[in-house]
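See structure below.
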Amino acid sequence: MDAQSLAGRVSRLLPVVLVTMLLAACAGPPAETTRAAGEVGTVKGYGVLQDGAYTLPAVPAKYLEKPNRRTIVYYTGPEAPGTIVVDPWAKFLYLVGDDGTAIRYPIAVGREGRGFRRNAVIGDMREWPGWTPTANMLRSEPEVYGPFRGGIPGGLASPLGARALYLYRGGADTRYRIHGTNDLEAIGNAGTAGCIRLFNHDIIDLYGRVTRGTPVVVRSYEESVRLEGEDFANRGIELPARIVPPEDIAAALAAAGPAGQGPGA
């Protein structure tokens, strides 16, 4: 098996495990994305994607049922164009446009993401970032995080996925992230841990549209109910934690070798 195939196996195994460790006002209907010719079973924008040295597989159609897909919508919120709006209750992230619309991305939200209440700005941006458990993680669950105290290098195996946006407030890192994931089942749902996660295809799209200093607004539950409706404000389920033995993860990383690594660690 070649290095790319091994890295692909790691990308399917590790993010599912490590994600438990982290972390619309015009009349008319919104414009939906359409299926792309030649990509049977996938939605346009979610096919096989070559990103530098890495090949991301297509997102299976079963994970892209409405509203779990990138979509242009009419936007009714009060935020200025260029703002990222995170709705941790409806499991959506909006990038507000300047024409009364926004790009809506489906997200997964972990416990840390649900706890983020105040606004921030993008203070840093990284491609294929690495991940290191925080001191609090190591202290609270040493048996889970201890084997990774040295961190996971950037690449297909990293829990932060293909891109990460680091949220700052007052010039300081808040430790909250908007980032990619390969845990496809999580999108549209909540988890026991983690920050704000998008399909890797979506975080790559978002990353190319924002800059450092982009404001990030987080909605309250009351705002979500008012703007999305009560059903959407309670969208998704709480997924249970899934853990693979650390030795299995270490072995998979070793097998991937340099193919499991990338820039921005």
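Derivation of every value follows stated rules applied to the coordinates shown; laboratory data play no part. What you see is a predicted model, and the numbers here were worked out from it, not measured in a lab. Cβ placement follows ideal geometry from the backbone for every residue including glycine, while neighbour counts extend to all protein chains displayed.
Details
- Segment 166-188 residues near the modelled residue 117 label - backbone nitrogen below 19 Å, point 7 Å along Cα→Cβ: 168-170, 174-177
- Over all pairs of different C-alpha atoms, segment 52-176 has a mean inverse distance whose reciprocal, the Kirkwood radius, equals 16.8 Å.
- Least to most buried among 230, 185 (fewest other Cβ within 10 Å first): 230, 185
- Ranked by how many other Cβ atoms sit within 10 Å of their own Cβ, fewest first, the residues 199, 92, 148, 232 fall in the order 232, 148, 92, 199.
- Dipole magnitude (debye, nearest 20) for segment 79-211, charges at Cβ of Lys, Arg, Asp, Glu: 400
- Label-point separation in nm, residue 237 to residue 132, each point 7 Å along Cα→Cβ: 3.8
- Taking the number of Cβ atoms within 10 Å of each Cβ as an exposure proxy, the fewest-first ranking of 205, 87, 98 is 98, 205, 87.
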